[in-house]
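Just so you know, all these numbers are worked out from the coordinates, no wet-lab data involved. It should be emphasised that the depicted structure is a prediction, and the values quoted were computed from it without experimental measurement. Reconstructed Cβ throughout: ideal geometry from the backbone, glycine too, with neighbour counts over all protein chains shown.
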Amino acid sequence: MGAGLRTWLNVLVLSFSFVIIIWHRGILDGWNHQAEVDTINWEIGGGIYWHEKYDPYDPFTLTDSHGPVPYQLKKEINAGNLEPILISQATIYPDGHMQTVLLKGIDPEQMILALPTAPLDTMINEIPAVIGTRMAKSIKLKTGDYMTVRWRDVNGVFDAADIRIVGVFKTNVPSVDNGQIWLPLDRLQKMMQMPDEATIIVAAKEVSEPILTSSWEFKDHDFLLSDLTEMIRSKSIGGSIMYIILLLLAMLAIFDTQVLSIFRRQREIGTHMALGMTRGQVIRLFTVEGAMHGILAALIAAIYGIPFLYWQSVAGLSMPAGTDDMGMAVAEKILPVYSVGLVISTTLIVLIVVTIVSFLPTRRIAKMNPTEAIKGKVI
Amino acid sequence: MFFRKVIITIIVLFSNQVFAQDISANEILKKIDANLSADNQVISSKMVIHGKRGDRTVESKSWTEGTEKSFTEYLAPARDKGTKMLKLGDQLWMYSPGTDRTIQISGHMLRQSVMGSDLSYEDMMEDDKLHEVYDAVIAGRDTLENTVCWILELTATEKDLAYPKRKLWADQKRFIPLREELYAKSGTLLKRIDFKDVRSIDGRWYPTRMIFKDVLKEGQGTEFIVDDITFNQDIPAYIFSKASLKK
């Protein structure tokens, strides 16, 4: 407090660091949480059985990655605990241009994924299809529109037919939307000449003991969400640069204040030592004084930070349009999640850093001669 | 005298009719294959791609042996110069001088168009002799560019042919297709090829300009112009090796 206005400036900047670190990490945790929940609800359910040749990152594998649904899983499929999906490639001609798309066949009555597949359960001459809003925008189609699709069946024979869009859904998960057309499973199986076959089989709930089959491999949440976790982690590293800079500014100010304080209070230090305090005790005294900045900053941060962070957790942070086109699930509004661990760890980090920074300049005290210090001679 | 002329005319007309009826659709296909196929051929050609932003011309030279082996080197424009393609059986490799790398084209890439044209890599690879893989019937007669044609309807005899149905307008005199339409299994028309500028080369009739049109796609299609073609040459075996891609 001895440094007056300078102290308050230090405390204010430090309190900003507190609030911004907690807010930023809360946003990332909220984003991560929302992305995980959305991905589970829309795409991966409780885990997925992949056909042994299926590799979503290698389109070359799509031609061969299909097979009969294994009999061991049929009971679970009939019970509604598993949902087979057939995936194949096709070509569409939006605006007269050729575009490769993925056709995905799913049971219209499925309840496992949040995809609104019910409209597929209709009797029309064309093939009924549902698409996401991103796909609808890119191919300029809306509900009720028609489009010709060309594909090659399991024997490589060309076939073509009209599809009719019976529904357009909005989702935060681009990986079930971009470049994809959802059709009734039985229609796609017939089109591709692949009766009773699938590419992936999605589980309703998390499977602790997957059913072992010869040509299907079970992929759990850890595996399927690893990309998402990795992406959030890299975002977190990128974002932390901002609060590291803020923290550095605060630390520089504290360091500077401590140096000035030791210079101005030489006589006091000399007197302390003359009265019998060891150098270590004096260093501790000044370090604690410096560290008090951190505690004061935490209190100030609490005064304006708690209402701000609370308001954010209710109102959320609106993401700019198009953010979710980057390939990962991003909600329109991200609600930050603040955990107790987050608040405690942030407070501890800031306090430890403040203490270290407060301690560094006080090492000068160790070099001081008490007599010279009392005289006020410059060190 | 008058009766003699009438009788002769009737005989001539009748004999023409008999000749026309006599030849079966499959024999017509064989004759067409005989015109278009050779043990090997070397072609210098231009591919004119009519796009929305204007035309683009790609020049190339190809060496082909039977239906299994083919090697193409692109000569122009500058950005495609040096690109080479090798087809061996059902495999296709492409060498790009820019990256100095050879890649195998397979899976969905085979369905992409070749250099933005109306031809896919798959189309380029499919060159079976028609009479070996299709069963034909004469569905009618038509006149295309003042030439009387048979309309042949072709149905695939093998279940893994890309186009299960084709319609072919065959020149009744020269046994050359003047138009071909390729259909999907559902009967949807997918592609149309018009064969023009038929010339007699080495004792056979050969169309030297072909216009390919993907009918589902907008645009004027792609023209394939044969500048020079020679049949049954001595092509060294090394041409059809992967090593020749980098030469």
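Descriptive notes on the structure:
- With neighbour counts taken as other beta-carbon atoms within 10 Å, the residues A:192, A:242 rank, fewest first, as A:242, A:192.
- Fewest-first ranking of B:148, A:353, using other Cβ atoms within 10 Å as the exposure measure: B:148, A:353
- Residues with amide H under 5 Å from that of residue B:198, placed H, sequence gap 5 or more: B:208
- Dipole orientation for the protein assembly as shown: of the candidates A:35, B:233, A:105, A:35 has the Cα lying most toward the positive pole (charges on Cβ; Lys, Arg +1; Asp, Glu -1).
- What the phi angles of region A:128-143 give under the Karplus curve with 6.51, -1.76 and 1.60, with θ = phi - 60°, is a coupling list of x, 9, 10, 9, x, 5, 5, 5, 4, 5, 5, 9, 6, 10, 9, 4 Hz, glycine and proline written as x.
- The 3J(HN,Hα) values that the Karplus relation (6.51, -1.76, 1.60; θ = phi - 60°) gives for region A:32-47 are, in residue order, 4, 4, 5, 5, 5, 4, 5, 4, 5, 5, 9, 10, 10, x, x, x Hz. Gly and Pro appear as x.
- Residues of region A:34-63 with amide N under 17 Å of a point placed 7 Å along Cα→Cβ from residue A:205: A:41, A:45-48
- When you restrict to C-alpha pairs under 8 Å that are six or more residues apart and normalise by the size of region A:62-204, the relative contact order lands at 35 percent.
- When the Cα positions of A:13, A:81, A:191 are compared along the charge dipole of the protein assembly as shown, A:13 comes out farthest toward the positive end, with charges on each C-beta of Lys, Arg, Asp and Glu.
- Centroid-to-centroid separation of region A:258-305 and region A:180-203 [C-alpha atoms, Å]: 72
- Annotation for region A:1-87: trypsin sites (Lys or Arg not before Pro) lying in DSSP loop with at most 16 further Cβ atoms inside 10 Å of their Cβ are A:53.
- Amide hydrogen neighbours beyond the local backbone of residue A:219, cut-off 5 Å, H modeled: A:48, A:49, A:50
- Shielding by partners - mean other protein chain Cβ count within 10 Å, residues of B:215-222: 3
- The relative contact order of chain B comes to 20 percent, based on Cα pairs under 8 Å that sit 6 or more residues apart.
- Rounded tilt (10° steps) of A:340-362 against the dominant C-alpha axis of chain A: 30
- Folded to 0 to 90 degrees: helix A:226-264 orientation relative to chain A principal axis, Cα: 10
- Loop-located chymotrypsin sites (Phe, Trp or Tyr not before Pro) across region A:45-144 with a Cβ neighbour count of 15 or fewer within 10 Å are A:57, with loop assigned by DSSP.
- Cα gyration tensor, region A:141-209 - rounded (a/c under 1.5), prolate or oblate: oblate
- Cα long-axis angle, helix A:279-315 against chain A (0 to 90 degrees, to the nearest 10): 40
- Order of B:48, A:288, A:202 - criterion: other Cβ atoms within 10 Å of each residue's Cβ, fewest first: A:288, B:48, A:202
- Dipole in debye (nearest 20) - chain A, about Cα centre, beta carbon charges: Lys, Arg +1; Asp, Glu -1: 3000
- For chain A, adding -39500 (n - 2.57) for each run of n ≥ 4 DSSP H residues and dividing by the number of residues yields -15500 deg cm²/dmol at 222 nm.
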